[in-house]
């Protein structure tokens with residue numbers, strides 16, 4: 001399993017690291033090693049930046065689309081919970097049972 005502690009990097013640091021990959025001609029792994037960070041972290045930042053610029057892989061979501069999807073899923077989950085609560089309240093108020101028998 002991963003570490004319980006996750007190091008957080010500022011957006012400025014991430015932008016600078018991505019710019020270094022673009023401008024240096026070095027691989028993501030080489031730049032990550034120089035900066036002392038995980039190559040997988042830098043690779044993820046780089047992919048996300050490219051997607052946000054419209055240069056990502058086909059079907060890859062931008063940060064805005066990812067955030068909208070997260071918001072819609074949360075909203076959907078809340079609505080489903082509300083529907084279940086209303087169903088239970090309706091059954092309780094009418095004295096009906098939802099079980100067969």
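The values are calculated or read from the model by the stated rules, or taken from the named source; none is laboratory data. Keep in mind that what you see is a predicted model, and the values were worked out from it rather than measured. A quick note on method: Cβ atoms are made from the backbone with ideal geometry, for glycine too, and the neighbour counts reach across all protein chains shown.
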Handout entry: Criterion: at pLDDT below 90, surrounded by 10 or more Cβ atoms within 10 Å (Cβ to Cβ), assigned to a helix (DSSP H, G or I) and over 16 Å from the mean Cα position of the chain (by Cα) - qualifying residue of 86, 91
Key = 91
Handout entry: Test: residue 37 is out of contact with any strand residue (DSSP E or B) (no Cβ under 6 Å at 6 or more places or on another chain), in a loop (DSSP other than H, G, I, E, B) and modelled with pLDDT of 90 or more
Key = yes
Handout entry: Among (1) modelled with pLDDT of 95 or more; (2) in contact with a helix residue (DSSP H, G or I) (Cβ under 7 Å, 6 or more places away or on another chain) - the single one residue 79 does not satisfy
Key = (2)
Exercise for the section: Can you confirm whether the stretch 1-9 contains a residue that is surrounded by 14 or more Cβ atoms within 10 Å (Cβ to Cβ) and in a helix (DSSP H, G or I)? Expected result: no
Practice task
Evaluate the stretch 40-53: report whether one residue or more is exposed (fewer than 10 other Cβ atoms within 10 Å of the Cβ) and at pLDDT below 90.
Solution key: yes
Exercise for the section: Kindly indicate whether residue 55 is out of contact with any strand residue (DSSP E or B) (no Cβ under 8 Å at 6 or more places or on another chain) and part of a loop (DSSP other than H, G, I, E, B). Expected result: yes
